[in-house]
Each structure stands twice: as C-alpha cells, then as structure tokens.
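Please read the structure below before turning to the comments.
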Amino acid sequence: MMETQGTGPVAPAAPDSRYAPPSPAIQEVAGLREAVLAEVRKAIVGLDEAQELMLIGLLVGGHVLLEGVPGTAKTLLCRSLAKSLRATFRRVQFTADLMPSDILGTNVFQMQSGTFVLNKGAIFTDFLLADEINRAPAKTQSALLEAMQEHVV
C-alpha cells in the first residue's frame, strides 16, 4: 500500500481493463521500430526526437522538415535512416542556378529508337535531403513542392 499526504493508505492502480493488449501486428511494428532506431543510433548520438519524428513521417507517407544550424548531423541522420532501411538517399545542395529539371529530370529524344527517354532527376529516390532550399529560384522550389504535394514520385 502507498501512503499519500493526509488521506491514508491508497491501493496501487490496477491496469486499465478497457484496453486490449497490443495485437501481434502492433507488436511486430513496435519491434521493427526499435530495430530501425537501434541501427540509426549506431551512427547518431542524441537527436532521439528527430529520429522518432523522421520515422513517423516515413510511416505516414509524409515529408519531414529538418531545421538546425550547420553541423548538427542532419545529413548523417537522414543518410543513416535510409541505410538502416536499405533505401536510396540523395542530397541536393540548392543554389541560385539549380533548375527544375535538375530535381525532376528531363525527357530526352533518342534518335535511334525514335522515342523519349526520361533521365531521372534527384527526386527519384527514397530519401531526398534538399539542403538550403531557400537559395533556389522560385520555379525550382515550386517544382519540388508540387511533386511532394502530389506524391507523384
């Protein structure tokens, strides 16, 4: 029994019987989460919240905005998460001369076959780290954001 101030003995709270124990599928996902984060933590010390949020963003099919001062392991975190999932990773340094085709790719006409072939841009990857996006021209930013919004890649 526990003693609280001025109220006498209080029994410890019993588990809430309104909730069923986690299903095997939920337990499997929790195990996978732990395995992925353990692998990432081999390369990254700290940034636990960022690691969790990046994994959540991945699981819900969304996008993650990593902000921070230079030298805080943002690239290493993204690369480590991709590697732990055996996924592809690319990093693009956004500059004033970056064109939308550098991100999205271009269709090139092949004279021999008489067809167009897509030369894929950087966005054709599982993890894309777009560094310093604010430095790129508006049309390049717009092309990236449109592709992200429409989930076309």
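Couple of notes before you dig in:
- For segment 23-150, the share of DSSP beta bridges that are antiparallel, to the nearest 5, is 55%.
- Cβ-based exposure ranking for L81, L47, L59, in which fewest neighbours within 10 Å come first: L59, L47, L81
- Calculated FRET value between T88 and S23, using beta carbons and R₀ = 35 Å, to 0.05: 0.65
- Segment 85-153: trypsin sites (Lys or Arg not before Pro) in DSSP coil with no more than 14 other Cβ atoms inside 10 Å: R86
- Volume per residue of the C-alpha convex hull in segment 23-150, rounded to whole Å³: 149
- Inter-site label distance for M99 and A38 at 7 Å from Cα along Cβ, in nm: 4.8
- Rg/Rh for segment 50-107, where both radii come from Cα atoms and Rh is the Kirkwood radius: 1.01
- On Cα atoms only, tilt of 24-40 relative to the major axis of the chain in degrees: 60
- Its DSSP H runs of at least 4 residues, each contributing -39,500 (n - 2.57), put the calculated 222 nm mean residue ellipticity of the chain at -11500 deg cm²/dmol, to the nearest 500.
- Segment 77-131 versus segment 137-153: alpha-carbon centroid distance in Å: 12
Coordinate-derived values only; no laboratory data. On a predicted model such as this, the values are computed, not experimentally measured, just so you know. All Cβ positions, glycine included, derive from the backbone under ideal geometry; neighbour counts span all protein chains shown.
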